[in-house]
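The values are calculated or read from the model by the stated rules, or taken from the named source; none is laboratory data. Note that the structure is a prediction, hence the values are computed from the model and not measured. FYI the Cβ positions are ideal-geometry reconstructions off the backbone, even for glycines, and counts take in every protein chain you see. Side chains are part of the model used for accessible areas, which takes the heavy atoms of the whole protein and leaves out ligands, DNA and RNA. Shrake-Rupley method; radii C 1.70, N 1.55, O 1.52, S 1.80 Å.
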Amino acid sequence: YNLYSKFGKPNLLKTLEFLDYNFWFLDNQYMKCRENPYIKCIGKNNIAMRILKDEGIQVFFQKSLLRSIINKVLYLINAQNYDDTEIDKMIRFIKLNENIISKKNNFFFIHQIGPHHPHRDPNCKLLNIDKRYKINLGYYLNSTLCALNNISNIIKIIELYDKDSTVVFQGDHGYSIYSDDNKIESFQIFNMVKFSTNCSKKLNPSIGNVETINEILHCFRKEKSLPNNIRNYIVKNKNSNGTVFKKVKLK
């Protein structure tokens, strides 16, 4: 997980530190936020809820005799909060922390898990436990509708509290059934950006996630854009030296 790389602070955090920006991280059930001098965590649950909502532990409980007990405990503790998406939590954070938002020196990274499983219906309610982890196109499309509704909702909130902010929505991969049958779909990645008024740019529609973020950092640093150099990579393997990427060409 690059935010906590043993090879040192990522370039993003170095740039934000230079610009005197705070980095805020809102995690999910797969990737947990760990605070340090450079990273602030949003919406930390109490220890009991973090354990109960941990994805690995939850799957274990669903395979055990404790399944019904755990489900009842989760419901009784806070059923609504359990259904909340990461964007729901971010909207709540914005509304409760206007003093932080008003300083306009914050970089918020929201690791929204949808439309990845656990799957949801179009209204963002979690599906039953026997459905939410199944590889099913219909469930995925419903989760996609939920994610798009989430995006629409948070854009409206951001417009109210910080109209001139830079906002980026990116996926890390397209729809995947974890086989070789849909490699192209895996590269059809959602990538949307709204620049602030002091950064007027026209982006090449073909650029990917990395190039998009580079353009934003160029704006922050008041630098000129680099020539388009569109490249696509997949993870080849991971080892003790870090992640090894392989360059690929898409038709």
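For the range 107-122, the condition holds for no residue, the condition being that it is farther than 29 Å from F23 by Cα, assigned to a helix (DSSP H, G or I) and either open to solvent by less than 50 Å² (accessible area, probe 1.4 Å) or at pLDDT below 85 (or both).
Do we have K103 as assigned to a helix (DSSP H, G or I), out of contact with any Ser or Thr (no Cβ under 8 Å at 6 or more places or on another chain) and open to solvent by 80 Å² or more (accessible area, probe 1.4 Å) here? Even if it seems obvious, please write down each step before you answer.
On the way: assigned to a helix (DSSP H, G or I): no; out of contact with any Ser or Thr (no Cβ under 8 Å at 6 or more places or on another chain): yes; open to solvent by 80 Å² or more (accessible area, probe 1.4 Å): yes.
When the stated conditions are applied, K103 does not pass them.
Pairs linking a residue in the range 2-26 that is touching a residue at least 40 places away in the same chain (Cβ under 8 Å) and under 14 Å from K40 (Cβ atoms) to a residue that is part of a helix (DSSP H, G or I) and of a type in the set (K, R), with Cβ atoms under 8 Å and 6 or more positions apart or on different chains, are L26/K89. Within the range 183-206, the set of residues being out of contact with any helix residue (DSSP H, G or I) (no Cβ under 9 Å at 6 or more places or on another chain) and in contact (Cβ under 8 Å) with a residue 24 or more places away in the chain comprises I184, F187, T197, S206.
Quick one: is R67 of a type in the set (K, R) and modelled with pLDDT of 65 or more? Considered against the rule, which asks whether it is of a type in the set (K, R) and modelled with pLDDT of 65 or more, R67 comes out as no. Within the range 127-144, not a single residue is aliphatic (A, V, I, L, M), within 30 Å of E211 (Cβ to Cβ), assigned to a loop (DSSP other than H, G, I, E, B) and modelled with pLDDT under 85.
One line per residue, one yes/no per condition, for (1) surrounded by fewer than 14 Cβ atoms within 10 Å (Cβ to Cβ); (2) modelled with pLDDT under 60; (3) in a loop (DSSP other than H, G, I, E, B):
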position: L3; (1), (2), (3): no, no, no
position: K14; (1), (2), (3): yes, no, no
position: L76; (1), (2), (3): yes, yes, no
position: N81; (1), (2), (3): no, yes, no
position: I87; (1), (2), (3): no, no, no
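Quick check, is V235 modelled with pLDDT under 65, open to solvent by 50 Å² or more (accessible area, probe 1.4 Å) and either in a helix (DSSP H, G or I) or over 25 Å from L127 (Cα atoms) (or both)?
Values: modelled with pLDDT under 65: yes; open to solvent by 50 Å² or more (accessible area, probe 1.4 Å): yes; either in a helix (DSSP H, G or I) or over 25 Å from L127 (Cα atoms) (or both): yes.
Yes.
So which residues in the range 27-43 are in contact (Cβ under 8 Å) with a residue 40 or more places away in the chain and in contact with a helix residue (DSSP H, G or I) (Cβ under 7 Å, 6 or more places away or on another chain)? Result: N28, Q29, Y30, I42, G43. Listed conditions (1) open to solvent by 40 Å² or more (accessible area, probe 1.4 Å); (2) at pLDDT below 85; (3) over 22 Å from L148 (Cβ atoms); (4) not hydroxyl-bearing (S, T, Y) are all met by C199, apart from (1).
Residues that are touching a residue at least 24 places away in the same chain (Cβ under 8 Å) and surrounded by 17 or more Cβ atoms within 10 Å (Cβ to Cβ) within the range 127-141 comprise just one, Y140.
One residue stands out in the range 153-166 among those that are open to solvent by less than 50 Å² (accessible area, probe 1.4 Å) and part of a helix (DSSP H, G or I): the one that is nearest to D88 (Cα to Cα), namely I154. Considering the range 175-194, and only residues there that are outside any loop (DSSP other than H, G, I, E, B) and not hydrophobic (A, V, I, L, M, F, W, C), the residue that is modelled with the lowest pLDDT turns out to be N182.
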